[in-house]
Amino acid sequence: MASPNNQNSADSSLKQSLEAGLAALKQKDYQSAIALLESVSQTAANQPPGIRAQMGLVAAYKATGNLKSAIALCTSLTKIPNTQIKTWADRTLTELTKELTPPKPPETTPETGFVAFDSPTESAKKTTDKKTGFSPLEPTAAPANTKSTHISPPPPPPKPSREGGHAPSTAPTETEIDTETSGENSSGSPTDIPGFISPDTYELTWREPGRTKNPRPLKPLKLLNFRVEAVASAIALFFLARLVLQFLLTNTNALLVQLYIFTRLPIFQPIQLFYRDTTPFLQFVFGLLLASSPWLIDALLKLFCGIENLRGSVLSKHSKEASRVLRSFCTKQNMPTPVLKLLPLNVPVAFSYGCLPRFARIAVSQGLLDQLTDEEIAAILARELAHISHWDFAPMSLAVLVLQIPYLIYWQTAYWGERLCDLMTIDFFRRTVRVVTAAISAISYGIYKLLRWPMFWLSRRRVYFSDRTSAEITGNPNGLTRALTKIAIGIAANIEQQKQTSFFLESFDLLLPVGVTQAVTFGGAALRAPLKQILLWDVTNPDRTFLTVNNTHPLMGERFKLLELYAQFWKLETELDLASLSPEKPKTGKLSLFKSILEFKDSKLFLQGAPFFGIPMSLAIVGVLWLISWIFSKTSIWQFDWLLGDRSILWGCLPIGFCLGTLLRINHFFPDIIPRKTASPSLPEILSNPATLPVDAQPVQLSGQLLGRTGIDNWLGQDLILQTATGLVRLHYVSTIGPIGSLYPFLLKQTTRPSDLIGKPVVATGWLRRGATVAIDLETLRSQEGPVSDSGHPIWSAILAFAAAIWGAYIITQGGR
């Protein structure tokens, strides 16, 4: 038996050999590194030093061309229980296998001219940690930058103190647990092995590949169908606006009638004008807004942003190519040159608006001119020219003006309500003003969010068209990729600097090149991990298309992937390597309709949309009831005749189906939060998991500084963002009794709203939702000073479900009356 002294001496010698081998590896002295690391690997094969030595050997074998030995060693490392090491081994093994077996030459598809890829990568299927659901951070090597300046992440926000009596200690992460169980200490971390890059040391750089001067034309766009969709979206917006207006007027008169009956005061008599048909009035308003959209939007931007004309010489100073593109494209399309406008804002944005090409405007911000290069500015300007030439800018301008009405009411009511309360000295009047202005502001914001829905389809579709046209105009799809990324980074940086989402960004979101919601997360993460890693979900998740229904813009990964396909079509190198990534293909073979329905029923996507899928299921139940009633009607059993064709059953079963779907999903959507099992992943780790859905509710606990608006305009939690050390994450808050409890928490004997903690270090605990965007449904929001804001997502979901069931039952019982 060896003595303790001999054992310590052996461990010290082993550690020295390991450190010497890793040092030789970093100095590219591969032969010395192999000799030292092989010795350590044989001596301590299953111990932490031996595992680190094997990882170093894989890198050394790869560098010396000994791929077979590297693959064999890497295969054994995939069986290691440590999540970080296993993930590194899985991805490295995939890369080594590809290098050992050269891919077949790409085949060109005659119809599209795009390059077809034979074998999609398997990394998306192997990198998920089964315990946490997250993929450990392992960026690929960043390409060298030859022109653009390096972009470094901003300093992390202050963390809440763990020493205070009210701040809970953060639960250990899965990496820490694995480290403890495997016996590794801080010196045993695999971060010194090639392939591990920390978000703190990562630096965003660009390859900046070439461009084509004479791009071959792509397949013509189907603009007729697209314009029909644009008109249909505007019509849908009109009918939804009419429905909302009629609902407001009818219920306003109903309230006045009740007040008049109670008080008998003439002031509460119903307004007769509200009983009239609103269709002619709305037709006039929509027509007026569309015809005057360029001047009305000019006035709004002048009032709130200080917009001014942009001289051509100023544009040429920042981008000569943009000026050249503007002149040549307008001449080629035989359309007037748009009026250029300059927004004196630091955030990099650009958008087009107007009613006709003759009166079109293109607004660019000073931040875009300062932060983007010559060719990137030209690519963004070409996008806006595409919107004008495609004519989608007109219905979008109309939609933005319609949306400005409820949004300005929300914003200005909250603003002047706060100012008025500050001037009042009597507490009763101050509270009354707050209650009234908060209600008006909240209702207006809800109408604003509702009226956006009809334009989502057009908003996403037009982005694909404009990106493609921009690539054709400039012959530089890679430049557009860089430009869009920088815009997302700039929007996230602006939110961090302003400590809130500006009213301009939110109200003009539909017109911007990048959606504000997606820029919040993607823009911050782009500075801390390679783009290919954080965009895995966007290009590989098989259900991603269904989860973008509520988004204003397509997924960034999808857009970049299409731009790469255009680059490959023109035989160009690509800025990223997303085009080779593909979602997991379903099993081949035809399935019957019944089997397909059964498979879909067992899928996560069905569970995700269960409340909405419950509605058509309820219709099927109604159909069965009607069929049974019809069968009985042909016999002497007449007691069921009343069921046949009873529409009250039809309408009543719709909310009941929603109730059943909600209750079916609620336990999966809100699992119990156990502090010991709560993860604290970094933002790049969250984004790098390609298989997760919002229904995969992972309990998390993240710390950082709470950003957002203060005051009445954020009582519903409209703008809650957690600034963590690795990026920004949106927070969703709802009271136990819904918006009423959010506006008036004293009803639940609560005194703290989330907006009361703005600007403070907090710990957010809740359920992570990874879909087209990333957000956390809050359970608690705790500051280090003690105040706690409790959210009530599970209870509010249950209340909604039972309320829908009661409503459906009421409709059925009232059907015969």
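Ranking L289, C305, T279 by how far each Cα lies toward the positive end of the dipole of region 265-329 (charges on Cβ) leaves C305 at the top. Calculated FRET efficiency, L67 to Q498, Cβ-Cβ distance, R0 = 56 Å: about 0.65 to the nearest 0.05.
For D277 and K79, the difference between the fully extended length at 0.36 nm per residue and the C-alpha to C-alpha distance is 64.2 nm. Under a model in which nothing but the beta-carbon of Lys, Arg (+1) and Asp, Glu (-1) is charged, region 203-323 shows a dipole of about 540 debye around its Cα centre. Gain on full extension, evaluated as 0.36 nm per residue between H732 and N309 minus their Cα-Cα distance, stands at 148.4 nm.
Based on Cα atoms of region 678-793, Rg over Rh with Rh as the Kirkwood radius reads 0.96. Summed over the residues of region 716-812 and divided among them, the accessible surface reaches 36 Å² per residue at a probe radius of 1.4 Å. With every protein chain in place and a 1.4 angstrom probe, the accessible-area ranking of Y733, Y810, Y407, largest first, reads Y810, Y733, Y407. Once the Cβ-Cβ distance of E95 and R676 is raised to the sixth power relative to R0 = 35 Å, the FRET efficiency obtained is 0.45.
Packing, as the average of other Cβ atoms within 10 Å across residues, places the peptides 230-238, 62-70 in the order 230-238, 62-70, highest first. The residues packed around V436, meaning those with a beta-carbon under 14 Å from its beta-carbon, carry a net charge of +2 if Lys and Arg are +1 and Asp and Glu are -1.
The label-point distance for T710 and I443, in a model that sets each label 7 Å from Cα toward Cβ, rounds to 2.9 nm. Counting charges near N214 (Lys, Arg +1; Asp, Glu -1) among other residues having Cβ under 13 Å from its Cβ returns a value of +3. Here the spin labels are modelled as points 7 Å beyond Cα on the Cα-Cβ line, and at A254 and Y415 they lie 3.4 nm apart. Of the trypsin sites (Lys or Arg not before Pro) in region 439-482, not one is in a loop by DSSP (not H, G, I, E or B) with at most 13 other beta carbons within 10 Å.
When the solvent-accessible area of region 496-570 is split by element, carbon and sulfur atoms take up 53 percent of it, the probe being 1.4 Å.
The values are calculated or read from the model by the stated rules, or taken from the named source; none is laboratory data. Remember, it's a predicted structure, so these values are computed and weren't measured experimentally. Counting neighbours? That spans all protein chains shown, and the Cβs are built from the backbone with ideal geometry, glycine included. Ligands, DNA and RNA are stripped out before the accessible areas are found, and what is left, the full protein with its side chains, is counted by its heavy atoms. Shrake-Rupley method; radii C 1.70, N 1.55, O 1.52, S 1.80 Å.
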